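Read through the structure below, which is laid out as structure tokens, and then see the notes.
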Amino acid sequence: MIVSRFNQRWIFAEVLEMRSSFTICLLVCGGIGGGRAQESAPPRKPVTISYTVRTGEQLQAPHVSTYRLFEYSQQRGRWILPDFGDYDFGQGGERLLFAGAGAEFHPVKRATLTQIVYFSQAVGPGSRDARYLWVWPVMDIDITPRLSAETVVYPSIPLNRAAEAGIDVDRAKMEYAVRRKLTAGAGYSGSICGGSTWKNKPFLTTTVTTRAGSFEFWLQKMPGGGQIQVRYQLVRSQR
């Protein structure tokens, strides 16, 4: 009887020891596996969110609005998606709704090419539901630490009979950093659409960068007069 109880206690002790060893092994293996899983998991890329608001006003009387624009975009790494907005021609009539996606490239050390393709839909009484495809390349070049250039030239490709083919130089400008948060420069804008003649729109520009975003001001010569533009952009990063 004594031997039998001794054997039972010995067996019970062995079982407890085996259970302890097995538990420790699981904890160690789990810790190593979890650590490897954490190491192998790629870090989440930050999301850059951009809000763009632009407006223009005719300099000569009656000083009417020439256009209004709102745009929202997100960028993860090099990929830009979504990117959408609303372009209003300023008279409360025709407007363009657009949406697209694209990517950012660095062909050389001091240059950045942002290529976006937009689908746009005209809406309003005189729009005739015209549809376009915009191939929108933005080339930024840092010529020197203070001198930079930016060019945006894009075609409007018609997608139905109501749309007309066109070419736009949205901007081709050079800016000099007078101070760390103040730049000044000059540029050129122009366009042609359908059977119209080419329209030249040169401008002077000044950009002020603040914590609340960047404010760019254009003083622009237009066919038959001039206009002033205010271009605002707010960029925020989040994970």
With θ taken as phi - 60° and the coefficients 6.51, -1.76 and 1.60, list the Karplus ³J(HN,Hα) couplings across the range 116-130 in order, rounded to whole Hz; mark glycine and proline as x. 10, 10, 10, 9, 10, 10, 7, 10, x, x, x, 7, 6, 6, 5
Rounded to the nearest Å, the spacing of the alpha-carbon centers of the range 49-116 and the range 212-239 is 11 Å
Tell me the trypsin sites (Lys or Arg not before Pro) within the range 149-222 that lie in a loop according to DSSP and have at most 12 other beta-carbon atoms within 10 Å. 161, 180, 181, 211
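How high is the relative contact order of the range 171-239, in percent, counting Cα pairs under 8 Å that sit 6 or more residues apart? Write out the running numbers ahead of the final one.
Working: 133 pairs, mean separation 14.9, N = 69.
It rounds to 22 percent for the range 171-239.
Counting Lys +1, Arg +1, Asp -1, Glu -1, what net charge surrounds residue 216 among other residues with beta carbon under 9 Å of its beta carbon?
Values: positive: 54, 231; negative: none.
That works out to +2.
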Which of the three applies to the range 84-239, rounded, prolate or oblate, going by the alpha-carbon gyration tensor with a ≥ b ≥ c and a/c under 1.5 meaning rounded? prolate
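How much length is gained if the chain between residue 211 and residue 142 is pulled fully straight, taking 0.36 nm per residue apart and subtracting their Cα-Cα distance, in nm to one decimal? Let's see the in-between values first.
On the way: separation 69, 0.36 × 69 = 24.84 nm, distance 2.25 nm.
That pair, residue 211 and residue 142, stretches by 22.6 nm at full extension.
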Extending each Cα 7 Å along its Cβ direction at residue 239 and residue 191, get the distance between those two points in nm, one decimal. 4.2 nm
May I ask for the net charge around residue 55, where only other residues with Cβ less than 15 Å from the Cβ of residue 55 are counted and Lys, Arg are +1 while Asp, Glu are -1? -1
Within the set 173/199; 173/221; 181/221; 173/201, which residue pairs have Cα atoms separated by over 21 Å? 181/221
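Every read-out reported here was derived from the displayed coordinates using simple, explicitly stated rules and does not represent laboratory data. In this text the structure is predicted, and so the values were computed from the model without any measurement. Using ideal geometry, Cβ is built from the backbone for each residue, glycine included, and neighbour counts are taken over all protein chains shown.
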